[in-house]
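Colleague: Take a look at this one; I'll ask things after.
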């Protein structure tokens, strides 16, 4: 994701991600422009041509864009219309996934279902999937997200699994949780979490989540899916003040997860 580069222009984020060895990219939420102002990567009201132009810039650098944020909570009164605009942007940019989630507090569950039922067919017809991920509240765990997906009942709505948020918001074991929802997962938001010595999210390999156990059931499902790195930072220390510092962490977490995947691929059958 470009999200870890939010303090820098999106152009610099794309350059750093490519230099760190990634062939794919997911668009974050906001980035600082040349004047130092935070601007959306793509505004929800932007014409689809703007999304297509950013996608071309990515591909010209050798990065294939695979995901973008909705930036709208599912419970919002105008959520369905906003998601339709995001789906149109994604389709024009040839991005297969729009990432979304609910508020961190529970309530207004019926709005979540109504929104997803309205946009599922739109997404499917556009060749896009809307992926809900764990974010507390109505979408707190994989089990809860799977229940939502069953109620919506449309192939246009599936799940992006965020193990870090399951451990953070709910203090719930993501290894146990993922077993309840593996069939609905089509992507991962890679993020780790620590409860000690400080409660905070961090990059994979810096936290308490066992990524070998986390990824095994999905690998056994035989699907190919994006793993987008939402948090790449070290716990306890200040985040890098330079884009080069973010570049180094982007490379480090890619190499860590790549090692996990290669190890699981090499493991004897039944070792898990």
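Colleague: Please report, in Å, the Rg and the Dmax of region 115-266, where both are computed over Cα atoms only.
Modeller: 16.0, 48
Colleague: So if we plug the beta-carbon distance of residue 105 and residue 64 into 1/(1 + (r/R0)^6) with R0 = 41 Å, what FRET efficiency do we get, rounded to 0.05?
Modeller: The formula returns an efficiency of 0.70 here.
Colleague: Got the relative contact order for the chain handy, in percent, Cα pairs under 8 Å and 6 or more residues apart?
Modeller: The value is 15 percent.
Colleague: Given labels modelled 7 Å from the Cα in the Cβ direction, how far is it in nm from residue 88 to residue 267?
Modeller: Modelled inter-label distance: 4.6 nm.
Colleague: Next up: 7 Å from Cα along Cα→Cβ at both residue 19 and residue 219: what's the point-to-point distance in nm?
Modeller: 3.1
Colleague: OK, next. Divide by every residue of the chain the summed helix terms, -39500 (n - 2.57) for each DSSP H run of at least 4, and state the resulting mean residue ellipticity at 222 nm, rounded to the nearest 500 deg cm²/dmol.
Modeller: -13000 deg cm²/dmol
Colleague: Along its principal axes, what span do the Cα atoms of the chain show, with the longest given first and each in whole Å?
Modeller: Result, largest extent first: 44, 43, 35 Å.
Colleague: While we're looking at this one, here's another question. How big is D for region 29-149, in µm² s⁻¹ as a whole number, if Stokes-Einstein is applied with the Kirkwood radius of its Cα pairs at 4 °C and 1.567 mPa s?
Modeller: 87
Colleague: In what order do 171, 146, 35, 259 fall by count of nearby beta-carbon atoms within 10 Å, going from fewest to most?
Modeller: Ranking 171, 146, 35, 259 by Cβ neighbours within 10 Å, fewest first, gives 35, 171, 259, 146.
Colleague: OK, next. Is the shape of region 145-224 rounded, prolate or oblate, going by the alpha carbon gyration tensor and its root eigenvalues a ≥ b ≥ c, with a/c under 1.5 for rounded and a/b larger than b/c for prolate?
Modeller: Prolate is the answer for region 145-224, as a/c is 1.5 or above and a/b outweighs b/c.
Colleague: By per-residue mean of other Cβ atoms within 10 Å, what is the highest-first order of 83-90, 70-77, 222-229?
Modeller: Taking the mean over residues of other Cβ atoms within 10 Å, the ranking is 83-90, 70-77, 222-229.
Colleague: Another question, if that's okay. For residue 78 and residue 50, FRET efficiency with R0 = 25 Å and r from the beta-carbon atoms, rounded to 0.05?
Modeller: 0.80
Colleague: Hey, another quick one. Can you pull the one-decimal nm distance between simple spin-label points at residue 195 and residue 155, each 7 Å off the Cα toward Cβ?
Modeller: 4.1
Colleague: Tell me, what does the Kirkwood hydrodynamic radius of region 232-272 come to in angstroms if you use every pair of distinct C-alpha atoms?
Modeller: Every distinct Cα pair counted, the radius reaches 12.0 Å.
Computed from the coordinates by the stated procedures, all read-outs in this text should not be read as laboratory data. Everything quoted here is computed from the prediction, not taken from an experiment. Positions of Cβ are generated from backbone atoms using ideal geometry, with glycine treated the same way; all protein chains shown enter the neighbour counts.
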